[in-house]
Amino acid sequence: MPLSFISVILLPIVGNAAEHASAIMFAMKDKLDISLGVAIGSSTQISMFGIPFCVVIGWMMGREMDLNFQLFETATLFITVLVVAFMLQEGTSNYFKGLMLILCYLIVAASFFVHVDPSADDDVVGKP
């Protein structure tokens, strides 16, 4: 399994299982605002605190880390933010919107499963 698939798809599912379960339970009780708050708040916390915190910890451990994401990861993040924003724009939900979000997630998961990031060695052509 590719490392990017594990770190972008599997690790967040396992790490946030309790939050996912509570969001589903609130959605089943027709408390969509709380459910969306849990789901979107969780992703915001990870993107604004979790990733930079991991970079700082990596620096303290002597590991070379930065926030310079490749084009594929940046484009995927941008597109997913747009899709979620358009889905939440009306303030209503139905089964079709949910199905579309699940299918978008499966497409992102499949693309991370087959995508291979170019390594730093591939940037230098013709040098030994």
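Karplus-based coupling profile of region 67-73, in residue order and whole Hz: 9, 8, 7, 6, 4, 4, 5, with θ = phi - 60° in 6.51 cos²θ - 1.76 cosθ + 1.60 and x standing for Gly or Pro. Rolling a 1.4 Å probe over the protein heavy atoms leaves Val116 with an accessible area of roughly 120 Å². Restricting the GluC sites (Glu not before Pro) of region 37-122 to loop positions (DSSP other than H, G, I, E, B) with no more than 15 neighbouring Cβ atoms within 10 Å leaves Glu64, Glu90. Going through (i) 2, 8, 14, 20, 20, 14, 9, 6, 3, 2, 1, 0, 0; (ii) 2, 10, 20, 21, 20, 12, 6, 4, 3, 2, 1; (iii) 2, 11, 24, 27, 23, 12, 1, 0, the figure that equals P(r) over Cα pairs in 5 Å bins from 0, in percent as computed for the structure here is (i). The accessible area of Cys104, taken with all protein chains in place and a 1.4 Å probe, comes to roughly 50 Å². Ser7 sits with roughly 60 Å² accessible to a 1.4 Å probe, with DNA, RNA and ligands left out of the calculation. What angle do you read, to the nearest 10 degrees and between 0 and 90, between the alpha-carbon axis of helix 32-45 and the longest principal axis of the chain? Roughly 10 degrees between the two axes.
What nm value, rounded to one decimal, do you get for the distance between Gln45 and Val84 when each label is placed 7 Å out toward the C-beta? Inter-label distance under the simple model: 1.4 nm.
The values are calculated or read from the model by the stated rules, or taken from the named source; none is laboratory data. Remember, predicted model here, so these are calculated numbers, not experimental data. Cβ sites come from the backbone with ideal geometry, for glycine too, and all protein chains shown count toward neighbours. Surface areas here come from the heavy atoms of the whole protein model, side chains and all, with no ligands, DNA or RNA. Shrake-Rupley method; radii C 1.70, N 1.55, O 1.52, S 1.80 Å.
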